[in-house]
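Encoded as C-alpha cells, the structure appears first; notes follow it.
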Amino acid sequence: MSAPLDPETPGPQAGEAPGTQVGADHASQGAGAPAGGAAEWRRLDPRTLLVHCGWLAAPLGSLALTALATGGRIPAKAWFTLAALAASFAVVTTIGLIRWARTEFRIAPGSRGDGLEGGAAGSGRGSAALTFDVRSGLLTRRLRSVPLHRIRTVDLTASPLHRLLGVTVLRAGTAGSGDGSKELSLEALAVPEAERLRAELLAYADAEAATNDPVVARINWRWLRYAPLTFWVIGGVFVVAGSAYRVLDGIGIEPWKLGFVQQAFTELGAGALWLTVPAVLLAVLALGSVGAVVLYVENWWNYCLEWTDARTLRVRRGLFTTRAVTLERARLRGVLLREPLLLRAGGGAMVRAVAGGLGNREENRKRSGLLPPAPRTEALRVAGGTLRAPFPGSGAPVALAPHPRVALRRRRVRGLLFAVLPGTAVLAGLGAAFTPVLLHCAWIYAVLTTTLVWWLARDAYRNLGHGVDGPYLVARSGTFSRDTLALQREAIAAWTFTTSPFTRRAGLVALTAAVAAGEDGYRIPDLAATEAAGFAAAAAPGILEEFLVHPGEPGQRLPEQRSS
C-alpha cells in the first residue's frame, strides 16, 4: 500500500508539470505500483464496522430503561425485541463488512481526457491531471473520479461515536455539488489519515502568500452572553420536552401518569394564575438559557476561522461533534450578516458564507456558519476578513435605496389580517358563547397586538434597502431576522421578477438574484416596479439589456415576470 502524498513535499520545479512530479514520487516508492506511476488503492479504517453498529445504542438504551422501570423483570415482548436486535446486528454487520471490503480510494494521475480538460481550464497541471478516485459496490461496481482542481471544499465531520473511535468522515465537495450528487464521501478514516488526505486534495490549490494575520477570528467565551438571545432559549425547551416524551412513550411509560407530573399540574392549578403563569415562563426561560449556553459551547468549542493560504478559508469548531469546513476563495460569492430580533436588541450578530459546494439547502445551513452569535462590531470585522475587503457599512454607511411607502402599508395590513383579527375573533366568539370575561380579553388582545404589529411593521420597513457598493450587490430586509447580504455582482446568473395581484396593484415587485451558491437565490422584496428592472440591469450588466427599451426607442419589451 502506497503512502499518502506528503503536503510538505516541495512542488515541481519551473517548467515541470505537477502531475509528472507526483507520478514520479509514486513510481519511486515501488511497492508494486503499476506502470505509469499509478497509485495503489487504499481502504477505509476497519473501525468503520463499529461506526455502523452505533444505531444499537438507542434500542439497547430503551431495553435498559425498561429493565430499570420494571425492577429487572424483562417481559416476553422485550425478549422478542432483543432477538430482533441480534438478527439486525448480524445483517448490518455483514453489510458493513462488505461495504468496507469493497470501498477503496486513491489519488492518481487521471486519464488523458482529464488532463486535456484541466489544460483547457487553464490550470497548468500538465497532461496527466491528478484525480481523486473512489470505487465501491458488490454486484454493481461504481467508480467515481474527480480531478483535484475541481474539488472546492473538504469537510471533516466527527460525531461523538466517531471521536470515541478516533475516526472521522471526509466529504469532498465539487463545483455544482449543491444536491450532493457530486460529493464524494468516505466513512470512516483515521483522523491522521483524513488530515493527510485533506491536505492532498487541496495541495493543488494556488498557495499564494496569505495576509499578515491569517487567523480571522477565534472563540471568545465572553460571547456566551449572546447564547440566550437565540431561538433555542424557548424553542429548545420544547424540542427537549418532545424528545423526552417520545423516548418515554417508546418504552411504554405515559408521562402524564407519572406521580410528580400530576402533582405539579395540581399545584399549578391550585395557585393564582397571575403568579403561576409568570413562574412557568421564568422557568422555561431559565432552562432555555442553560440549554442555549450548552448548545453554544458544544457547537463552537475550539472555534477558529483562518486563511490556511491565500485562497483557502477554513472553519474549525465543535466539542463532541467536531467539524472542519474548508472553502475555496474562488467559490466564495459573498457574506450574509444575520441579526435575529433578540440578538439585534442585545447588539449581536452572526455571519454566514455564501459559497458553492456546501451541499444541499440543509447542509448549507450547517456548514456555512463563519461566526457564532457575537458582538456586531466583531461580526462586521469577520465579514470583512472573509471578503478580504471592508464589509459594506462597516466603515462609512452605504446609502441603500429606500423602498416605497406602500411597502409599509402592506406589512401593517398583513399583520392585522394574520395576527390581530383571528385571535380577536376567536376570543370574542368564545366570550359571547361562554363568559363575558373573554370579551374583555378580546379587546385587550386587539389593543396589544395592534400596537406590536404597528411597531414590527415599521421596523421591517425601515430595514428594507438595496444598493450597489463596488463589486457587491447589497440587500437588507427582515425584522425577526434582519439579514444584510453582500453578494458579488459577477456571481449573479439570472433575475426573477415575482408579482401577485396585490403587489401589482400596489406597484411593487420582488426581485430574486439567482446564484450558484448558498441558498441559490436571494430575494429583495417590495421594490418599485418602475425601478426594479433598471436596478437589476445596473447591478448585473449583460442579463436584461435585450429586454429593456430606453426612452425614445420604439416598442417596449419588459422582463418576464412570474405571478404568485
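The values are calculated or read from the model by the stated rules, or taken from the named source; none is laboratory data. This structure is a prediction, so every number in the text was calculated from the model and none was measured. Methodologically, a virtual Cβ is constructed for each residue, glycine included, from the backbone with ideal geometry; neighbour enumeration extends over all protein chains shown. Heads up: the accessible areas ignore ligands, DNA and RNA and are worked out on the full protein's heavy atoms, side chains in. Shrake-Rupley method; radii C 1.70, N 1.55, O 1.52, S 1.80 Å.
Points to keep in mind about this one:
- FRET E, pair E40, S185, Förster distance 30 Å, beta-carbon r, rounded to 0.05: 0.90
- Other-chain or far-sequence residues with amide H under 5 Å of L370's (modelled H): V351, R352, A353
- With both labels modelled 7 Å from their Cα along Cα-to-Cβ, the L164 to L548 distance reads 6.1 nm.
- By average C-beta atoms within 10 angstrom, highest first, the peptides 337-345, 402-410: 337-345, 402-410
- Stokes-Einstein diffusion coefficient of the stretch 454-537, Kirkwood radius over Cα pairs, 25 °C, 0.890 mPa s, in µm²/s: 183
- Full extension of the chain segment joining L282 with R102 gains 59.2 nm, where the gain is 0.36 nm per residue of separation less the Cα-Cα distance.
- Probe 1.4 Å, protein heavy atoms only - accessible area per residue of the stretch 265-363 in square angstrom: 47
- Simple spin-label estimate for N302 and L439 gives 6.6 nm between the two label positions (7 Å along the Cα-to-Cβ direction from each Cα).
- Modelled FRET efficiency - R0 35 Å, W221 with A389, Cβ distances, 0.05 increments: 0.75
- Nonlocal amide H pairs with N360, under 5 Å, H built at 1.01 Å: G180
- Site pair L417 and E362 shows an inter-label distance of 3.3 nm when each label is modelled 7 Å from Cα along Cα→Cβ.
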